[in-house]
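> Mind having a look at this structure? Questions to follow.
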Amino acid sequence: MKCDNCDGRGVVEIERKCVICNGSGKAKSFDPKLTEELTSEQIQMFLKGICGACRGTGVQKRMEVCPVCKGTGKSSKCKICGTTIKGDYDLCQKCSKKPHAYLLKNSCGIEDLRLNRVYVGTVSVVTDLGVFVDLNKRLRGLIHRKNLHNHTLNEGDTVTVKIGGIRGSGDIDLIYSPMKDYAVVEVEKDLPIIRISDISKYVGKIVEIRGLVTHVRLTGGPTIFSVIDTTGVCKAVAFESGERAYPEIDVDDVVRIAGFVRRRGSIFEIEILEMEKLLGEEANEIRKFVEKEIERRSEPEFRGFLVESEVLERLKEDMLRVAKELRKAVFESRPIIIRHHWDADGICGGVALETALTNLVDETTSDPDAKYYLVKRKVSRAPFYELEDVVKDLDDSLEDMVRHGDKIPLLVLVDNGSGYEDIPAIQQFITFGADVITIDHHFPDEEVDRYLLYHINPYKAGGDSNYTSGVICVELARMIYPDVDLKNLACVSIVGDRAEGEVLKYLELSDYSVDELKDIALALEYEAFYLRFRNGNQIIREILGFGRKDRQQKLVKMLSGYAKESIAEQLKTIQDGYRVQELPNGVYLVALDIENYTRRFTFPPPGKLTGELHDRMKEKYPKLVTIGYGPDFAVIRSEGVSLDIPRMVRELQEELENAGVEGGGHLVVGSIKFIPAKRRDVLSKLAVKIGMI
């Protein structure tokens with residue numbers, strides 16, 4: 001506590017009547033001996049008849065040692081009865097005469113010991129030489145057998161001892177001093193309170209930090225706490241042999257931590273000696289300052305789009321809001337799950353966001369593992385967020401909440417999440433308090449917006465599906481972390497999704513030719529097909545060029561070669577598996593029997609194979625619809641025809657109520673599912689609808 005009399009300064013200002021003018025403020029003359037103490041201005045005042053010593057006020061002021069705190073600036077409370085004490089003392093006079101013993105907190109070192117003072121300790125080891133007693137985690141002393149006075153002590157016993165002496169080697173000699181009915185007085189070291197951003201300056205020293213706990217992780221060794229203040233995030237570790245250290249401390253608690261600053265490689269961390277929860281006004285002030293600083297640092301930096309686009313300009317404000325939400329999640333240590341479709345466009349979009357976010361995590365925390373548990377990129381095999389995905393995400397998230405105190409995550413759906421079929425899974429996740437953001441370029445269903453925190457979609461800004469998810473995510477990633485270079489990812493997504501229009505401006509910025517970009521996109525999809533549900537983070541980043549360039553070239557050439565061979569082989573097998581029919585409206589319909597004319601579980605998958613056949617057939621037929629069908633699905637591709645696949649799906653659902661129809665996608669590219677028994681009915685009605693366009 002600060003001394004109230006001097007406000008913690010240790011000195012007070014005293015006023016007294018001026019002895020030169022006797023308090024009048026006027027003087028006809030003055031002692032010449034004073035001239036050495038006076039300024040020329042004060043001398044001029046005397047010449048005018050004004051007392052220069054007091055400047056005409058009649059009083060003189062001077063600083064004296066505070067009589068209350070004796071110059072310490074401190075005024076404490078008795079640690080036993082709570083009475084306010086004048087000066088820097090532990091106990092009042094009354095309590096100092098009662099039996100008491102001092103308990104050293106873990107921050108206290110050998111310099112804090114006092115001879116003949118009684119301390120509380122714990123017996124750690126009993127030997128023939130004597131008994132070793134731990135005074136705290138840092139200090140251990142020995143009660144020689146001759147000083148036990150025939151008392152028997154066992155490991156784990158709490159004892160009271162006196163400091164008999166401290167040797168030059170640092171060994172502490174203790175004297176057993178049993179006491180009954182004594183009061184315990186805690187001794188806390190007065191440590192410098194530092195900002196987390198300055199932690200590197202205090203390596204090897206004991207310091208104190210105060211901040212907000214954002215994450216708790218239990219490992220086989222230490223318990224790791226992530227703590228944030230207004231300047232940054234650091235890792236604080238407590239060793240409790242695999243058990244949860246400080247179980248009373250949870251996420252969102254404001255804490256005081258005292259400990260050693262350690263350096264492990266390039267990482268700075270605090271080895272916890274003491275940690276306690278702060279409550280009341282002090283905790284509220286810290287929380288308020290931290291939250292205000294997080295809000296300030298979460299503001300994204302916009303340096304302009306890579307290309308000029310009216311659609312992107314109309315999306316800009318919503319994109320900035322999403323960027324702020326994602327940056328804020330990083331600063332609050334809130335996990336972020338990125339769920340993206342497994343094709344080239346979805347992969348590029350997911351990797352772009354992951355790269356920006358992990359760079360931001362690395363920049364703001366000293367924990368090298370933080371990016372692995374804060375940012376998780378996952379793959380969706382279906383072109384929508386299905387129940388199989390949400391079950392995995394929910395189970396992992398709830399387990400992390402129980403084990404590590406994690407917050408419920410922020411879910412980002414990339415290249416899916418815009419359709420009615422996404423709602424059941426999204427609804428299940430938000431039931432547990434999650435927020436969901438969709439970044440997609442499929443035709444949106446207005447109903448899904450009810451469940452989303454934000455929905456970034458070019459259709460909402462006068463654009464269309466040519467503004468791929470990869471393009472939007474690359475621009476969004478640059479708002480999250482402006483120094484990241486991801487232009488090639490936007491280009492891969494464009495050629496991978498066969499986008500057209502003004503987005504082709506991005507290709508002018510690429511480091512690769514169009515053919516090279518096509519090979520990268522094909523290699524991505526080939527590798528993703530065999531990765532199944534794994535994100536394959538390292539191999540995917542190698543293909544995209546984040547590793548060695550020479551290795552990327554070899555890898556892309558090899559994988560795209562395999563993919564082209566597989567596609568060519570499958571195109572041979574389907575030569576007798578499709579038929580072409582001209583519809584009454586002049587549209588040519590190509591129907592491909594995928595079930596009977598392709599090999600299962602090999603690349604390319606049905607959607608990719610249908611697209612490859614469609615690309616070859618559209619050279620002959622300017623108005624073309626290609627349908628690749630299996631026992632319970634149909635994949636649709638079109639060219640020169642104004643399809644509205646989401647509308648067709650809704651009509652089929654109404655007309656064939658017992659067919660189990662569901663699906664969607666883009667307006668002119670999509671897929672439909674149904675029950676096998678109704679395949680003929682669904683496909684025939686679908687053909688009729690196409691013929692009526």
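> Do we have any residue at all in the range 434-441 that's over 27 Å from the mean Cα position of the chain (by Cα) and among the hydrophobic types (A, V, I, L, M, F, W, C)?
No.
> What number of residues in the range 215-252 are polar (S, T, N, Q) and surrounded by 20 or more Cβ atoms within 10 Å (Cβ to Cβ)?
2
A quick yes/no check of all residues on (1) part of a helix (DSSP H, G or I); (2) farther than 30 Å from Val390 by Cβ:
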site	(1), (2)
Ala528	yes, no
Phe546	no, no
Lys554	yes, yes
Lys564	yes, yes
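> Let me ask something else. Could you list all residues from the range 454-501 that are in a loop (DSSP other than H, G, I, E, B) and β-branched (Val, Ile, Thr)?
Thr468, Val484, listed by residue number.
> Additional query: Collect the residues in the range 330-359 that are among the hydrophobic types (A, V, I, L, M, F, W, C) and either touching an Asp or Glu at 6+ places or on another chain (Cβ under 7 Å) or modelled with pLDDT under 95 (or both), keeping them in residue-number order.
Val330, Phe331, Ile337, Ile338, Trp342, Ala344, listed by residue number.
> Quick check on my filter: what residues within the range 641-671 are closer than 16 Å to Glu446 by Cα and in contact with a Ser or Thr (Cβ under 9 Å, 6 or more places away or on another chain)?
Within the range 641-671, Ile645, Gly663, Gly664, Gly665, His666, Leu667 meet the criteria.
> When Tyr372 is evaluated against the numbered criteria (1) in a helix (DSSP H, G or I); (2) at pLDDT below 90; (3) under 30 Å from Gly670 (Cβ atoms); (4) aromatic (Phe, Trp, Tyr), which criterion, by number, is the only one it fails?
Tyr372 satisfies every listed condition except (3).
> Return yes when Ile672 is in a strand (DSSP E or B), touching a strand residue (DSSP E or B) at 6+ places or on another chain (Cβ under 9 Å) and not charged (D, E, K, R) and no when it is not.
Criteria met by Ile672.
> While we're looking at this one, here's another question. I want to confirm something. Restricting to the range 431-441 and keeping residues that are touching a strand residue (DSSP E or B) at 6+ places or on another chain (Cβ under 6 Å) and either in contact (Cβ under 8 Å) with a residue 40 or more places away in the chain or outside any loop (DSSP other than H, G, I, E, B) (or both), which single residue is nearest to Val322 (Cα to Cα)?
So the residue we want is Ile437.
> If you check Asp550, Asp497, which single one turns out to be surrounded by 15 or more Cβ atoms within 10 Å (Cβ to Cβ) and modelled with pLDDT under 95?
Asp497
> Write out, first by first residue and then by second, each pair whose Cβ atoms fall under 9 Å of each other, whose residues are 6+ apart or on separate chains, and whose first residue, in the range 512-540, is more than 21 Å from Glu354 (Cα to Cα) while the second is surrounded by fewer than 17 Cβ atoms within 10 Å (Cβ to Cβ) and small (Gly, Ala, Ser).
Pairs found: Asp519/Gly561.
> Does at least one position in the range 162-178 carry a residue that is loosely packed, with under 14 Cβ neighbours inside 10 Å, touching a residue at least 60 places away in the same chain (Cβ under 8 Å) and not assigned by TED's automatic domain parsing to the domain that holds Arg287?
Taking every residue of the range 162-178 in turn, at least one turns out to be loosely packed, with under 14 Cβ neighbours inside 10 Å, touching a residue at least 60 places away in the same chain (Cβ under 8 Å) and not assigned by TED's automatic domain parsing to the domain that holds Arg287.
> Which of the residues belonging to the range 109-152 are more than 27 Å from Lys189 (Cα to Cα) and buried (at least 17 other Cβ atoms within 10 Å of the Cβ)?
Within the range 109-152, Gly130, Asn147 meet the criteria.
> Also, I was wondering about something else. For the range 148-180, what are the residues that are in a loop (DSSP other than H, G, I, E, B) and touching a helix residue (DSSP H, G or I) at 6+ places or on another chain (Cβ under 7 Å)?
Gly170
> OK, next. Could you please let me know if Val330 is outside the structural domain of Gly670 (by TED's automatic domain parsing), of a type in the set (A, V, I, L, M) and not in a helix (DSSP H, G or I)?
The answer is no for Val330.
The values are calculated or read from the model by the stated rules, or taken from the named source; none is laboratory data. Just so we're clear, the structure is a prediction, and the values are computed from it rather than from any experiment. So basically every Cβ, Gly included, is an ideal-geometry build from the backbone, and we count neighbours across all protein chains shown.
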